[in-house]
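Asker: Handing you this structure, nothing more for now.
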């Protein structure tokens, strides 16, 4: 079931909005490909080269990413649910932390006390995520969805929150917001 494109060279391909559900793309070369808004549910990307791929807005529910390389990959608004990754995948530093969180019990564990300083989380979907004590110093959270997120004890000093949705977010006296940008609309 699904398209078989194992070891295919699709570098630079425009696959925007493609439906590749259940596709078998083991060891495929997708460097620089545009997979924005693509349906990639249950796709097998084991050992695939995803460097500089545009995954913005793509849906990867149950994707298999063992030994994949995702460096300089655009992943804003990408939906990862129940990803499978038994063997380590290679990610940029800021995505590695989020990926480790997602892989652990499908994201059920809180990101408690994780250091995401200077991470670029522009447009990130952190709706309802437990961010108690997370360090987000100078992080870019522009237009991020933080509705209902637990930010108690989080350190957001210098973070860019312009356009972020903080509706229902739990913020208390232990939340550090000194120098955070874009809070005028949220106070």
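Asker: Is one or more of the residues making up the stretch 114-127 more than 27 Å from residue 72 (Cβ to Cβ), over 15 Å from the mean Cα position of the chain (by Cα) and either outside the structural domain of residue 179 (by TED's automatic domain parsing) or surrounded by fewer than 22 Cβ atoms within 10 Å (Cβ to Cβ) (or both)?
Answerer: no
Asker: So in the stretch 30-63, with the set limited to residues that are modelled with pLDDT under 90 and outside any loop (DSSP other than H, G, I, E, B), which one is farthest from residue 10 (Cα to Cα)?
Answerer: Among residues in the stretch 30-63 that are modelled with pLDDT under 90 and outside any loop (DSSP other than H, G, I, E, B), the one farthest from residue 10 (Cα to Cα) is 61.
Asker: Taking the stretch 64-100, which residues are within 20 Å of residue 129 (Cβ to Cβ), at pLDDT 65 or above and part of a loop (DSSP other than H, G, I, E, B)?
Answerer: Of everything in the stretch 64-100, those that are within 20 Å of residue 129 (Cβ to Cβ), at pLDDT 65 or above and part of a loop (DSSP other than H, G, I, E, B) turn out to be 75, 76, 77, 78, 82, 83, 85.
Asker: Is there a residue in the stretch 12-28 that is within 23 Å of residue 122 (Cα to Cα), over 17 Å from the mean Cα position of the chain (by Cα), modelled with pLDDT of 95 or more and surrounded by 20 or more Cβ atoms within 10 Å (Cβ to Cβ)?
Answerer: No, the conditions are met nowhere in the stretch 12-28.
Asker: Would you mind stating whether residue 152 is farther than 28 Å from residue 59 by Cα and in contact with a strand residue (DSSP E or B) (Cβ under 6 Å, 6 or more places away or on another chain)?
Answerer: Answer is yes for this residue.
Asker: Give the residues of the stretch 129-187 that are in a loop (DSSP other than H, G, I, E, B), more than 13 Å from residue 116 (Cβ to Cβ) and touching a residue at least 24 places away in the same chain (Cβ under 8 Å), sorted by residue number.
Answerer: Selection gives 142, 161, 175, 180, 182.
Asker: Being within 16 Å of residue 54 (Cα to Cα) and part of a loop (DSSP other than H, G, I, E, B) is the filter here, so list the residues in the stretch 1-29 that pass it.
Answerer: 10, 11, 12, 13, 15, 16, 17, 18, 20, 28 - these are the residues of the stretch 1-29 that are within 16 Å of residue 54 (Cα to Cα) and part of a loop (DSSP other than H, G, I, E, B).
The values are calculated or read from the model by the stated rules, or taken from the named source; none is laboratory data. The structure presented is a predicted model; accordingly, all values stated were derived computationally and were not measured. Heads up, the Cβs are rebuilt from the backbone with ideal geometry, glycines too, and the neighbour counts pull from every protein chain shown.
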